[in-house]
Amino acid sequence: MEAQIAALAEAQRWHYEEFAALRREFEEHRREFELLRNDVGILKDNDLRRRYGERAVAYFG
């Protein structure tokens, strides 16, 4: 019985560590996505300015 408890505790620790690693990876990708989204927003704003002027950026932004 004690061996089973120890094995379950070890499995739980491993899953917790695996989850923490996945969470860190997710946060990394989320930050990259935010940067890309900001870049796209800047490009969209620049395109609107070039095509239609400042009022378009205020209206569509």
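Below is a table of values for the structure above.
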read-out: Any hit, segment 43-50, residues being assigned to a helix (DSSP H, G or I) and surrounded by fewer than 10 Cβ atoms within 10 Å (Cβ to Cβ); value: yes
read-out: Close pairs (8 angstrom Cβ cut-off, 6 or more residues apart or separate chains): open to solvent by 100 Å² or more (accessible area, probe 1.4 Å) in segment 21-40, modelled with pLDDT under 90 and part of a helix (DSSP H, G or I) anywhere; value: none
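The values are calculated or read from the model by the stated rules, or taken from the named source; none is laboratory data. Keep in mind that this is a model prediction, so the values were computed, not measured. FYI the Cβ positions are ideal-geometry reconstructions off the backbone, even for glycines, and counts take in every protein chain you see. Ligands, DNA and RNA are excluded from the accessible area calculation, which covers all protein heavy atoms including side chains. Shrake-Rupley method; radii C 1.70, N 1.55, O 1.52, S 1.80 Å.
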